[in-house]
Every structure is written in C-alpha cells, then in structure tokens.
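The values are calculated or read from the model by the stated rules, or taken from the named source; none is laboratory data. Quick caveat: nothing in here was measured; it's all calculated off a predicted structure. Note that each Cβ is placed from the backbone with ideal geometry, even for glycine, and that neighbours are counted across all protein chains shown.
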Amino acid sequence: MPVMPLSAGQAEIMPDKRTAPVRVLVVEDEMMVAMLVEDMLTDLGYEVVTVATGMNSAIEHAERTEFDLAILDLNLNGEKSYPVAEALRTRNVPFLFATGYGEGALPENFRDVPTLQKPFVSGQLKYAIDSLVTERIGD
C-alpha cells in the first residue's frame, strides 16, 4: 500500500465501527515525536498500550504484548525497524511505518506495508489506522 494519500489539510475521517478503543503499540526513538504521536492517538480515542523507544524493547513488545496494531518509526537509533515488523508479521498484527524517507526507502518485502509520511497530522494518522482496522476486519 502506498503512502497515505491525505494532505495535511484534509479532514476526511472514516467512521469507527468498533466499541472498544483500538490498542496501539508506538515504536519511536525520538521522545518529542513519541509524545506527540501518543497525544494524537489519545485525542483520537485510541489506547496507547506502550511506547517503545529502542530496538530491544520494540521487539519484546512486538512478540509479547497484546495490542491491535503498531506504528513503527522506520529508523530506530540508526537501525531499521524491520526485525520489529517481522515479529509483528509472525503474530499477524497489522502495522504501518511512519517515516520521513518515503515508501521508496522500503525493501521489496515491505512495499505492501502502509507508510505514513512524517510529519503528519492527526487526520492522516486516523485515516491510516482506520484503514488498517477496516482491512483487518475484512480478513
């Protein structure tokens, strides 16, 4: 799936058909960005299960913690977050990459993963998450 198509000013939001909040794992090494994403998610009605700021913590949560989907910073302290993505794929947990690099930076085996281009606004984040949830419900 390509980069999310919403522009920063676009306010189209997909309706939420779930009754319980979507539980989200956030993987982000920049503390200010992590706090901003956590605030956006909370304001949108999602539940942030945890924020993992390093590779080891992210892999551990990806393998063991219960959540509905994950948002992965592509670059974690100089390392690509692909091992975290692989752990999520193993568990069949949907995820998206948040990156300033664009989808062209992804290797072939991750080109099908939705990518949210940084910087993003809450409407884009909601659209991306709702798309993952809708896709998951359709499975």
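Return a yes/no flag: does the stretch 17-36 have any residue that is of a type in the set (Lys, Arg), outside any loop (DSSP other than H, G, I, E, B), modelled with pLDDT of 95 or more and surrounded by fewer than 15 Cβ atoms within 10 Å (Cβ to Cβ).
Within the stretch 17-36, none of the residues are of a type in the set (Lys, Arg), outside any loop (DSSP other than H, G, I, E, B), modelled with pLDDT of 95 or more and surrounded by fewer than 15 Cβ atoms within 10 Å (Cβ to Cβ).
Suppose we filter the stretch 75-88 for residues that are under 20 Å from residue 129 (Cβ atoms) and either surrounded by fewer than 16 Cβ atoms within 10 Å (Cβ to Cβ) or within 13 Å of the chain's Cα centre (by Cα) (or both); how many remain?
Residues that pass the stated criteria total 4.
Among the residues of the stretch 111-126, how many are surrounded by fewer than 20 Cβ atoms within 10 Å (Cβ to Cβ), of a type outside the set (S, T, N, Q) and assigned to a helix (DSSP H, G or I)?
Of the residues in the stretch 111-126, 1 are surrounded by fewer than 20 Cβ atoms within 10 Å (Cβ to Cβ), of a type outside the set (S, T, N, Q) and assigned to a helix (DSSP H, G or I).
In contact (Cβ under 8 Å) with a residue 40 or more places away in the chain and hydrophobic (A, V, I, L, M, F, W, C): does that describe residue 69? Working first, answer last.
Working: in contact (Cβ under 8 Å) with a residue 40 or more places away in the chain: yes; hydrophobic (A, V, I, L, M, F, W, C): yes.
Here the answer is yes, as residue 69 does meet what is asked.
Looking at the stretch 75-102 only, could you name the residues that are part of a loop (DSSP other than H, G, I, E, B), modelled with pLDDT of 95 or more and of a type in the set (S, T, N, Q)?
Pass one, the stretch 75-102, residues part of a loop (DSSP other than H, G, I, E, B): 77-78, 81, 92-94, 100-102.
Okay, now just the ones that are also modelled with pLDDT of 95 or more, so 81, 92-94.
Selection gives 81, 92.
What's the number of the only condition in (1) among the hydrophobic types (A, V, I, L, M, F, W, C); (2) surrounded by fewer than 19 Cβ atoms within 10 Å (Cβ to Cβ); (3) at pLDDT 95 or above that residue 105 fails to meet?
Among (1) among the hydrophobic types (A, V, I, L, M, F, W, C); (2) surrounded by fewer than 19 Cβ atoms within 10 Å (Cβ to Cβ); (3) at pLDDT 95 or above, residue 105 violates only (3).
Looking at the stretch 38-66, which of its residues are hydrophobic (A, V, I, L, M, F, W, C) and either free of Cβ contacts under 8 Å to residues at least 12 places away in the same chain or more than 26 Å from residue 105 (Cβ to Cβ) (or both)?
Within the stretch 38-66, 44, 49 meet the criteria.
Write out, first by first residue and then by second, each pair whose Cβ atoms fall under 9 Å of each other, whose residues are 6+ apart or on separate chains, and whose first residue, in the stretch 100-116, is over 17 Å from residue 71 (Cβ atoms) while the second is modelled with pLDDT of 80 or more.
As it stands, the answer is 107/80; 107/82; 109/82, since those pairs meet every condition given.
For the stretch 50-74, which residues satisfy the criterion of being buried (at least 18 other Cβ atoms within 10 Å of the Cβ) and in a strand (DSSP E or B)?
51, 52, 69, 70, 71, 72, 73
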